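Okay, so here's the structure we're looking at.
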Amino acid sequence: MELTQIAEKFSLTQSNVPGSVFKDLNLAAAQFSDINLSDSRFDDINFTGTRITNVNLTNVDIRDCNIAGLRIDGVLITDLLNSRKA
């Protein structure tokens, strides 16, 4: 099934859609809860101001990202990385 040019609030619940593709979307202020994103890929994503809580980040690989202001458990990641370089 292909859904294109939807311009209204959309709700998808209790669904099984592995292998789906989400491209060129505006999901600003969207809410995600109880979601399985294992083995997913994110490329060219704007997470500015996003809050991520109660998340399993086991084996997550983050590369080539702007991490200005990124905090994990209140720790500024740029400070952490700079302290490792010293």
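The values are calculated or read from the model by the stated rules, or taken from the named source; none is laboratory data. The model shown is predicted, which means the values in this text are computed figures rather than measured ones. Here Cβ is always computed from backbone atoms with ideal geometry, including for glycine, and neighbour counts include all displayed protein chains.
Would you say residue 40 is surrounded by 10 or more Cβ atoms within 10 Å (Cβ to Cβ), out of contact with any strand residue (DSSP E or B) (no Cβ under 7 Å at 6 or more places or on another chain) and either modelled with pLDDT under 95 or farther than 21 Å from residue 71 by Cα (or both)?
For residue 40, the condition - surrounded by 10 or more Cβ atoms within 10 Å (Cβ to Cβ), out of contact with any strand residue (DSSP E or B) (no Cβ under 7 Å at 6 or more places or on another chain) and either modelled with pLDDT under 95 or farther than 21 Å from residue 71 by Cα (or both) - is met.
Flag: residue 83 does not match the condition of being polar (S, T, N, Q), assigned to a loop (DSSP other than H, G, I, E, B) and without any contact (Cβ under 8 Å) to a residue 24 or more places away in the chain. For segment 43-52, which positions are loosely packed, with under 10 Cβ neighbours inside 10 Å and not β-branched (Val, Ile, Thr)? Matches in segment 43-52: 43, 44, 49, 51. Between 62, 35, the distinction of being part of a loop (DSSP other than H, G, I, E, B), surrounded by 10 or more Cβ atoms within 10 Å (Cβ to Cβ), free of Cβ contacts under 8 Å to residues at least 24 places away in the same chain and not polar (S, T, N, Q) belongs to 62 only.
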